[in-house]
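Beneath this line is the structure, given in structure tokens, with notes to follow.
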Amino acid sequence: MTAITPPNVPFSASGNLLGYVRYEDDASEWRLNNPFAATLRLHDIKRSVSSARFIWRDEVTGTLYPMLLPDMIDLFTTATVSLGVTKGWWIVGQRGKNYGIRRASETEVVTEPFAEQTTEDMDCSMPRPHLPHDITHSSRAYHCDGVRVSLRHRAYPLTEDQTS
């Protein structure tokens, strides 16, 4: 079964993403399904009648997110998981009545205008040479930790040769 990206997703009263919803009233809150950046740690594995879910915990907020098996396979083949921890952009997908996070595609991540990156966002322990942190043109590039980031557009200073 192919995953769809629902416009709204169910959350519990404690703020965790629900992995299965039989009736709409089962969820305490329905939130917009926006892509989000997070560092996740593998927390648990749950098995039900129709699915297996890997439970990830957000390192900052403590929020729990289920991930379905096909998305877990995609994660292991396209991303880095080190000691049970992975970073990236995530969005919720739906297969039948099951919900789970998956890696957000490039087009899903660039839904908002380009944002200024802070120094904290650009902290890096990777040896040089690698992608410089002071890029000032509008582009999408891989940050040093492998996460795709959007950089804010800034006008280039024009020289006399370019103005004519």
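We did not get these values from a lab; they are worked out from the coordinates using the rules stated. Please read these numbers as outputs of a predicted model, since none were measured by experiment. Because the Cβ atoms are built from the backbone with ideal geometry, glycine has one as well, and the counts that use them run over all protein chains shown.
Restricting the stretch 27-49 to residues that are over 15 Å from the mean Cα position of the chain (by Cα) and farther than 14 Å from Y65 by Cβ leaves a set whose member that is surrounded by the fewest Cβ atoms within 10 Å (Cβ to Cβ) is V49. Take the stretch 1-41 and flag every residue that is outside any strand (DSSP E or B), within 21 Å of A104 (Cβ to Cβ) and not hydrophobic (A, V, I, L, M, F, W, C). Result: T2, T5, P6, P7, G15, N16, G19, N33, N34, P35. Quick one: M67 ticks every box in (1) touching a residue at least 40 places away in the same chain (Cβ under 8 Å); (2) over 11 Å from the mean Cα position of the chain (by Cα); (3) part of a strand (DSSP E or B); (4) over 16 Å from S12 (Cβ atoms) bar one, so which box is it? Going through (1) touching a residue at least 40 places away in the same chain (Cβ under 8 Å); (2) over 11 Å from the mean Cα position of the chain (by Cα); (3) part of a strand (DSSP E or B); (4) over 16 Å from S12 (Cβ atoms) one by one, M67 breaks only (1).
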